[in-house]
Amino acid sequence: MNNKALILPAETANISTMAKQLQAGDIAAIPTETVYGLAGDATNPAAVARIYTAKQRPARNPLIIHYASIDAMREDVYITPLAEKLAQAFWPGPLTLVLPQTPTCRISDLATAGLDTLAVRVPAHPVTQALLTACQRPLAAPSANRSGQLSPVSATQVAASLGDRIGFILDGGPCERGIESTILDVSGDIPHILRPGSITEAMLTFVIGPVQYGQAGVVDAPKAPGMLYRHYAPACPLRLSVDKPIPGETLIAFGPGPIPEGFASVLNLSPQGDLNEAAQHLFDYLYQCEQSGATRIAVMPIPSEGVGVAINERLHKAAEAVVA
Ligand code: AMP
Ligand code: MG
């Protein structure tokens, strides 16, 4: 790999250098509490175009826009009373809200795929916060991987996927959540979860009452998920809810056991059976499986409750998307 990206520790001096680069239209990988993001000035069409090119992301798949605070986004989106409530409860944090754009919205149409809504979030990671404050503009930041690869949860993983396509990776250590943000569409009458994440349905319901599940806002979205663009596709077959091995399989286990035997190797997402810990380890362990040259991956059943819903959603997409 022609790995030219510089990995910089997330120190104050590097954060302010990075902020200047982003202001000038460059793109760079940055840590967040969910996964690493590939950030660029969302108001600059050239910067946004660089993000799509580096990721090889289909232009019809819009980006999430990150802000330092709710006040910083008022020029771009209508903050409905429902959104205010959610922001109060969950921002800064791993919740993305889809809101109607205002007529004064500064965000490049490229980043929104021409939709009249905008997906926005206030991240909690102190480095992301410092960067957003320093560069004083909204940052588009999809996961810092090539389309179809794993979302990275460490600077090394970013380098493995995009190291030959970007100049800088700001290293903020491993991501605390390890799974992408929950996306909630509150632009219509009924709130819809477009993507489950670590802000769970129960947490949302507690604050705003019942929510439904819906489909992400890809322009011209086909009805079957995963048909328009590739989700993470593991390099080898991946089986779910497994209790018996196929020879040579690597097991991704969950919980204190009993752990089924006979697998080539075992990685336990959370020996204590803690779903948040499992979410934090999920992409990292899948990455380790790929790095170790695993030929088959098996995953134990994971309860579909709380953040387990998000874990299972990612795993189901991965199992459907196997290309090898
Ligand atoms: P990623 O950047 O890879 O985390 O993916 C962002 C997700 O947000 C994609 O699934 C998009 O379809 C979704 N998204 C972004 N903007 C919007 C929007 N305005 N309406 C609905 N979904 C959106
Ligand atoms: Mg992604």
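Only the coordinates and a few stated rules stand behind these numbers; no lab work does. What you are looking at is a predicted structure, and each value in this text was computed from that prediction instead of being measured. For neighbour counting, all protein chains shown are included, and Cβ atoms are generated from backbone atoms with ideal geometry for every residue, glycine included.
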(request) Give the order of Lys317, Lys20 when sorted by the count of other beta carbons within 10 angstrom, beginning with the fewest. (result) Lys20, Lys317
(request) Nearest 5 is fine: what % of DSSP beta bridges in the chain come out antiparallel, could you say? (result) 40 percent
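Hey, what did the stretch 1-82 get for relative contact order, percent, Cα under 8 Å, at least 6 apart? Before the final figure, lay out each step's value.
Values: 48 pairs, mean separation 12.5, N = 82.
Once normalised by length, the contact order is 15 percent.
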(request) Kindly write out, for the stretch 262-269 in residue order, the coupling ³J(HN,Hα) from the Karplus curve 6.51 cos²θ - 1.76 cosθ + 1.60 (θ = phi - 60°), rounded to whole Hz, with x marking Gly and Pro. (result) x, 8, 5, 7, 9, 10, 9, 4
(request) Return the sequence-ordered ³J(HN,Hα) values of the stretch 142-147 in whole Hz as given by the Karplus equation 6.51 cos²θ - 1.76 cosθ + 1.60 applied to θ = phi - 60°, using x for Gly and Pro. (result) x, 4, 8, 9, 5, 3
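Please report, in whole Å³, the volume per residue of the convex hull around the C-alpha atoms of the stretch 1-123. Walk me through the intermediate numbers first.
Working: hull volume 14.5 nm³, N = 123.
Per residue, the Cα convex hull of the stretch 1-123 comes to 118 Å³.
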(message) Can you give me the long-range amide H partners of Ile65? Hydrogens built in the peptide plane at 1.01 Å from N, cutoff under 5 Å, separation of 5 or more residues or another chain.
(response) Ala119, Val120, Arg121
(message) Considering just Cα atoms, how many Å³ per residue does the convex hull of the stretch 263-324 enclose?
(response) 84 Å³
(message) Defining a contact as two alpha carbons under 8 Å apart and six or more residues distant in sequence, what relative contact order in percent does the chain show?
(response) 20 percent
(message) Just to confirm my numbers, what's the Cα centroid distance between the stretch 231-301 and the stretch 23-63 in Å?
(response) 31 Å
(message) At 222 nm, what value in deg cm²/dmol follows for the chain if DSSP H runs of at least 4 each add -39500 (n - 2.57) and the sum is divided by all its residues, to the nearest 500?
(response) -8500 deg cm²/dmol
(request) Quick one: net charge around Ile252, please, counting Lys, Arg +1 and Asp, Glu -1 for every other residue with C-beta under 14 Å from its C-beta. (result) -2
(request) Output the direction-averaged projected area (hull surface divided by four) of the convex hull of the alpha-carbon atoms of the chain, in nm². (result) 15.7 nm²
(message) Let me check against my output: what whole-number percent is the relative contact order of the stretch 1-148, with C-alpha pairs under 8 Å and at least 6 apart?
(response) 36 percent
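Assuming a viscosity of 0.890 mPa s and a temperature of 25 °C, what translational diffusion coefficient in µm² per second does Stokes-Einstein assign to the stretch 126-196, Rh being the Kirkwood radius over Cα pairs? Don't skip to the end; give the middle numbers.
Values: Rh = 14.3 Å.
In µm²/s, the coefficient is 171.
Take Glu33, Glu84, Glu180 and order them by how many other Cβ atoms sit within 10 Å, fewest up front. Before the final figure, lay out each step's value.
Working: Glu33 20, Glu84 11, Glu180 23.
Ascending number of Cβ neighbours within 10 Å: Glu84, Glu33, Glu180.
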(message) Going by amide H atoms built from the backbone, whose H comes under 5 Å of the H on Val266, apart from near neighbours?
(response) Leu251
(request) Report Rg/Rh for the stretch 1-60, rounded to two decimals, where Rg is the Cα radius of gyration and Rh the Kirkwood radius. (result) 0.97
(request) Work the Kirkwood hydrodynamic radius out for the stretch 60-156: mean of 1/r over every pair of different alpha-carbon atoms, inverted, in Å. (result) 14.0 Å
(message) Neighbour counts of other C-beta atoms within 10 Å: give me Met300, Met73 arranged from fewest to most.
(response) Met300, Met73
(message) Run the Debye formula on the Cα coordinates of the stretch 84-223, all scatterers equal and no solvent, and tell me log10 I(q)/I(0) at q = 0.10, 0.15, 0.18 1/Å.
(response) -0.38, -0.88, -1.26
(message) Please list 3J(HN,Hα) in residue order for the stretch 194-208, calculated via the Karplus relation 6.51 cos²θ - 1.76 cosθ + 1.60 where θ = phi - 60°; whole Hz, with x for glycine and proline.
(response) 8, 8, x, x, 7, 7, 7, 4, 5, 5, 5, 4, 4, 8, 10
(request) Taking the dipole about the Cα centre of the chain, with the C-beta of Lys and Arg at +1 and of Asp and Glu at -1, give me whichever of Ala29, Thr182, Val77 is farthest to the positive side. (result) Ala29
(request) Return the long-range amide H neighbours of Leu170 (sequence gap of 5 or more, or a different chain), with a cut-off of under 5 Å between placed amide H atoms. (result) Leu8, Ala29, Ile30
